[in-house]
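Down below is the structure, laid out as structure tokens.
The values are calculated or read from the model by the stated rules, or taken from the named source; none is laboratory data. On a predicted model such as this, the values are computed, not experimentally measured, just so you know. Glycine gets a Cβ as well: all are built from the backbone with ideal geometry, and neighbour counts include every protein chain shown. What goes into the accessible areas is simple: the full protein's heavy atoms, side chains included, and nothing from ligands, DNA or RNA. Shrake-Rupley method; radii C 1.70, N 1.55, O 1.52, S 1.80 Å.
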Amino acid sequence: MRVFANPVGPGSLWFDNLATADGTPVAYDPQAREFLPMPPFCANREVIGCNWIAPEHGAFCRSCAMTALAPDPSVPNAMPNWAQTEAAKRWTLDNLGRWHWFRPEDPGTRPVFHMLAEGPTPVLMGHVGGVVTISVAEADPVLRATRRQALDEPYRTMVGHMRHEISHMLWWRLSLREDFLDAFRAVFGDERADYQAALQQHYYNGPPPDWPQRFLTTYASAHPHEDWAETAAHLLHLTDIADSFVATGMSSPQLPGPGWDPYAEPDAERLIHAAASIAVGVNNVNRAMGLSDLYPFVLSDAARRKLAFVHDWLRRGAQGR
């Protein structure tokens with residue numbers, strides 16, 4: 001994620017800022033990719049702290065307009081959890097916008113979001129026919145850590161959930177193209193295999209013994225749909241790690257050169273190598289503070305080939321160029 005210029009004075013702004021250091025209200029324009037100091041602001045600005053520009057006064061921004069179902073405000077902590085969930089959505093949508101997904105120039109279907117609070121029973125997150133369902137309760141760090149440990153996962157965040165579930169929607173969009181499915185099946189396998197049976201098998205027996213050589217995560221081994229979603233999410237992780245590293249002015253001998261733009265990089269191998277090298281370095285910095293690794297994954301040759309495949313298709317953009 002880039003670091004943005006202050007439109008009313010010196011200094012910088014970060015993606016989630018609602019105001020400058022001197023208190024001037026600002027909002028992010030996702031089309032121009034810059035901050036503006038004037039309304040119209042999103043109608044959700046005072047409700048959940050949305051900091052995006054709206055098309056007109058009283059309207060929702062591009063991101064909030066995609067949310068068809070909001071959580072029940074009577075559920076404890078639903079509103080602050082929803083605010084954090086929408087922030088993760090804005091981050092992910094802006095990442096994908098660098099490749100022209102879901103922007104005005106994208107002629108295809110936008111995702112529709114159902115943001116649900118949890119009562120006595122958990123909300124099953126997922127995607128069906130363009131509708132992405134997200135449990136806002138996962139914004140709670142204690143709940144999220146509890147589920148991460150129960151599922152023996154090395155990583156679980158709201159941005160990660162957004163990237164994974166939106167990746168299912170991206171697959172659905174791409175599957176409408178005649179030239180995608182055969183290419184996908186050659187790399188990931190046949191997604192027509194029984195999905196529910198595959199998940200039951202995964203949760204009952206666990207991943208295959210050789211999963212680290214074939215998949216990025218244990219969950220990716222469950223079914224080609226999950227392999228795609230995990231791989232696409234990881235491509236977004238790695239690309240944005242590299243982009244955020246460059247944006248803050250840090251340098252590394254592993255970077256291709258000055259002024260490098262990871263989102264504009266056509267060579268998947270170069271992007272993956274640079275991003276993975278950055279992640280290893282930051283992992284070491286995190287350990288100095290007793291923190292978990294930023295990117296606790298190992299990229300096998302098979303995983304790199306899958307990442308390159310996803311990079312090729314997502315970087316073509318929504319118009320498939």
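Remarks
- Flag for Leu216 being over 17 Å from the mean Cα position of the chain (by Cα) and of a type in the set (A, V, I, L, M): no
- Flag for Tyr203 being outside any loop (DSSP other than H, G, I, E, B) and at pLDDT below 95: yes
- Answer residue from the range 88-143, given it is hydroxyl-bearing (Ser, Thr, Tyr) and part of a loop (DSSP other than H, G, I, E, B) and is farthest from Val75 (Cα to Cα) among those: Thr109
- Residue check, Ala68 hydrophobic (A, V, I, L, M, F, W, C) and surrounded by 15 or more Cβ atoms within 10 Å (Cβ to Cβ): no
- Candidates Gly281, Gly259: the one that is under 15 Å from Phe245 (Cα atoms), small (Gly, Ala, Ser) and surrounded by fewer than 12 Cβ atoms within 10 Å (Cβ to Cβ) is Gly259.
- Qualifying residue in the range 140-148 (condition: surrounded by 15 or more Cβ atoms within 10 Å (Cβ to Cβ) and touching a Pro at 6+ places or on another chain (Cβ under 6 Å)): no
- Identification of helices (runs of 4 or more DSSP H) wholly contained in the range 218-321 with 1 or more residues that are of a type in the set (D, E, K, R) and at pLDDT below 95 yields 301-315.
- Residues that are surrounded by 15 or more Cβ atoms within 10 Å (Cβ to Cβ), touching a residue at least 60 places away in the same chain (Cβ under 8 Å) and closer than 20 Å to Gly249 by Cα, drawn from the range 1-35: Met1, Arg2, Phe15
Conditions tested, residue by residue: (1) at pLDDT 95 or above; (2) surrounded by 20 or more Cβ atoms within 10 Å (Cβ to Cβ); (3) among the acidic types (Asp, Glu).
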position	(1), (2), (3)
Leu96	yes, yes, no
Leu116	yes, yes, no
Gly119	no, no, no
His127	yes, yes, no
Val131	yes, no, no
Ile134	yes, yes, no
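- Residues within the range 16-39 that are in a loop (DSSP other than H, G, I, E, B), more than 23 Å from Thr85 (Cβ to Cβ) and over 21 Å from the mean Cα position of the chain (by Cα), tallied: 8
- Of all residues making up the range 10-51, the number that are over 17 Å from Asn95 (Cβ atoms) and among the acidic types (Asp, Glu): 2
- Just one of the numbered conditions (1) without any contact (Cβ under 8 Å) to a residue 24 or more places away in the chain; (2) farther than 20 Å from Leu96 by Cα is not true of Val246: (2).
- Qualifying residue in the range 144-154 (condition: in a helix (DSSP H, G or I), over 25 Å from His273 (Cα atoms), more than 16 Å from the chain's Cα centre (by Cα) and touching a residue at least 24 places away in the same chain (Cβ under 8 Å)): no
- Residue within the range 43-54 that is in a loop (DSSP other than H, G, I, E, B), at pLDDT below 95 and under 24 Å from Trp101 (Cα atoms) present: no
- The range 104-114: number of residues that are open to solvent by 20 Å² or more (accessible area, probe 1.4 Å) and over 16 Å from Ala68 (Cα atoms): 4
- Residue check for Pro80: buried (at least 22 other Cβ atoms within 10 Å of the Cβ), in contact with a helix residue (DSSP H, G or I) (Cβ under 9 Å, 6 or more places away or on another chain) and under 20 Å from Met162 (Cα atoms): no
Residue by residue, here is whether (1) touching a residue at least 12 places away in the same chain (Cβ under 8 Å); (2) under 30 Å from Leu13 (Cβ atoms); (3) surrounded by 21 or more Cβ atoms within 10 Å (Cβ to Cβ) holds:
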{"position": "Phe215", "(1), (2), (3)": "yes, no, yes"}
{"position": "Thr218", "(1), (2), (3)": "yes, no, no"}
{"position": "Trp228", "(1), (2), (3)": "yes, no, yes"}
{"position": "Ala232", "(1), (2), (3)": "yes, yes, yes"}
{"position": "Leu238", "(1), (2), (3)": "yes, yes, yes"}
{"position": "Met250", "(1), (2), (3)": "no, yes, no"}
{"position": "Asp267", "(1), (2), (3)": "no, no, no"}
{"position": "Leu271", "(1), (2), (3)": "yes, yes, yes"}
{"position": "Ala274", "(1), (2), (3)": "yes, yes, yes"}
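- Subset tally (residues that are surrounded by fewer than 22 Cβ atoms within 10 Å (Cβ to Cβ), closer than 18 Å to Ala233 by Cα and either among the basic types (Lys, Arg) or without any contact (Cβ under 8 Å) to a residue 24 or more places away in the chain (or both)) for the range 160-205: 2
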